[in-house]
Amino acid sequence: MDKQIIILAAGKGSRMNSELPKVMHKVGGTPMLERVMHNCKMVTDNLILVYSQHLEPYLSRFEQNCKLINQKEQLGTAHAVAVAKDLFNDQQYIGVIYGDNPLITSDIIEDLFKHLKNTNSKAVTLAFEYEKENQYGRIIVDKQGNFKKIVETKFANDLEKKITLCNSGIMAFAPGILGQYIDKCLVADLENPKKELYLTEIIEICSAHGEKVSYFKSNDHKLVVGVNTQDELASANSIIEKN
């Protein structure tokens, strides 16, 4: 299976309350982005790094290991992926992972791709169970158990917020799918023109076009969630130290 992985690392990470770009904060003594890139390279050498001006002083660390593309405006995760469209290899399976996922392992990434292929899905998202109140998107299934869409927490109703099956944001796509549907995630919302452009919307779009979508559930949510705050950074470092 020929694979390509897009790593999204353009956000400054204002919730870290630090001048240092979020993905350059260290987990286990290594910047988060370097950890992510290392684990991705164990899966494939074909990497694309989407960055912004915040990361420019550090690019020399990464330019030998991946293709680089600058997301000049931070308009959301769908926009970040679309910025890299000219670098897609549409004949390959494509994964999307975030630079603030320092605990992701190559095994989890491989398992996500295997699930995609073994289920003949066109798009798959990495999910996990989490019962406490949280800000993760929710996995929405119909009465037959078919995966229909992901609802971001800020748009979820009270019933949807009670769903414990959550979305990590990490995804994988069969050949041709990301190139075919990513632009459909960029359609402006006339009622809310400043709405962030979410990659998660590609699941509902694919489903509406008759494509098979699925989710792959991780057994350990701690390994698949992102780091956005100093508390989450401390937690990630604590997990690394215990292992």
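The values are calculated or read from the model by the stated rules, or taken from the named source; none is laboratory data. Please read all numbers here as calculations on a predicted model, not as lab measurements. With ideal geometry, Cβ positions are generated from the backbone for all residues, glycine too; neighbour counts draw on all protein chains shown. With ligands, DNA and RNA removed, areas are computed over all heavy atoms of the protein, side chains included. Shrake-Rupley method; radii C 1.70, N 1.55, O 1.52, S 1.80 Å.
Taken together, the residues in the range 211-220 that are surrounded by 17 or more Cβ atoms within 10 Å (Cβ to Cβ) and either farther than 22 Å from LYS114 by Cα or under 17 Å from the mean Cα position of the chain (by Cα) (or both) amount to 5.
Given the structure, is GLN91 open to solvent by less than 20 Å² (accessible area, probe 1.4 Å) and either of a type in the set (Asp, Glu) or at negative phi (or both)?
Working: open to solvent by less than 20 Å² (accessible area, probe 1.4 Å): no; either of a type in the set (Asp, Glu) or at negative phi (or both): yes.
Here the answer is no, as GLN91 does not meet what is asked.
Screening ALA123, ALA172 for residues that are touching a residue at least 60 places away in the same chain (Cβ under 8 Å), in contact with a Cys (Cβ under 7 Å, 6 or more places away or on another chain), open to solvent by less than 50 Å² (accessible area, probe 1.4 Å) and among the aliphatic types (A, V, I, L, M) leaves exactly one candidate, ALA123. Based on what the data block shows, is ASN70 modelled with pLDDT under 95 and open to solvent by 20 Å² or more (accessible area, probe 1.4 Å)? So ASN70 does not fit the description; no.
Could you list, in sequence order, all residues of the range 30-46 that are open to solvent by 40 Å² or more (accessible area, probe 1.4 Å) and part of a loop (DSSP other than H, G, I, E, B)?
In the first step, residues of the range 30-46 are kept if they are open to solvent by 40 Å² or more (accessible area, probe 1.4 Å); the result is 30, 34-35, 38, 41-42, 45.
Matches in the range 30-46: MET42, ASP45.
Under the condition of being among the small types (Gly, Ala, Ser) and modelled with pLDDT of 90 or more, which residue from the range 112-165 is nearest to ILE94 (Cα to Cα)?
So the first thing to find is which residues in the range 112-165 are among the small types (Gly, Ala, Ser), and the list is 121, 123, 127, 137, 145, 156.
Those still in the list that are modelled with pLDDT of 90 or more too: 121, 123, 127, 137, 156.
Values: SER121: 13, ALA123: 10, ALA127: 17, GLY137: 21, ALA156: 28 Å.
Here the residue is ALA123.
Flag set for PRO21, criterion: of a type outside the set (A, V, I, L, M, F, W, C), open to solvent by less than 30 Å² (accessible area, probe 1.4 Å) and within 24 Å of TYR198 (Cα to Cα).
Kindly establish whether ILE163 is under 16 Å from LEU126 (Cα atoms), more than 16 Å from the chain's Cα centre (by Cα) and outside any helix (DSSP H, G or I). Give the derivation first.
Values: under 16 Å from LEU126 (Cα atoms): yes; more than 16 Å from the chain's Cα centre (by Cα): yes; outside any helix (DSSP H, G or I): yes.
Taking the combined requirement at face value, the residue satisfies it.
The rows are residues; the columns are (1) surrounded by fewer than 20 Cβ atoms within 10 Å (Cβ to Cβ); (2) under 18 Å from ASP107 (Cβ atoms).
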site	(1), (2)
GLY176	yes, no
GLY179	yes, no
LEU186	yes, no
GLU196	yes, no
LEU199	no, no
HIS209	yes, no
VAL224	no, yes
ALA234	yes, no
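For LYS26, only one of the following conditions fails: (1) among the basic types (Lys, Arg); (2) over 18 Å from the mean Cα position of the chain (by Cα); (3) open to solvent by less than 60 Å² (accessible area, probe 1.4 Å). What is its number? Looking at each condition in turn, LYS26 falls short on (3).
Among the conditions (1) more than 25 Å from VAL43 (Cβ to Cβ); (2) at pLDDT 95 or above, SER168 misses just one, which is (1).
For the range 38-87, give me each residue that is closer than 22 Å to ILE108 by Cα and of a type outside the set (Val, Ile, Thr). Hits for the range 38-87 are HIS38, ASN39, CYS40, LYS41, MET42, ASP45, ASN46, LEU47, LEU49, ASN65, CYS66. Restricting the search to strands (runs of 3 or more DSSP E) fully inside the range 85-158 and requiring at least 1 residues that are more than 13 Å from the chain's Cα centre (by Cα) and over 22 Å from VAL50 (Cα atoms) gives 123-129, 137-141, 147-151.
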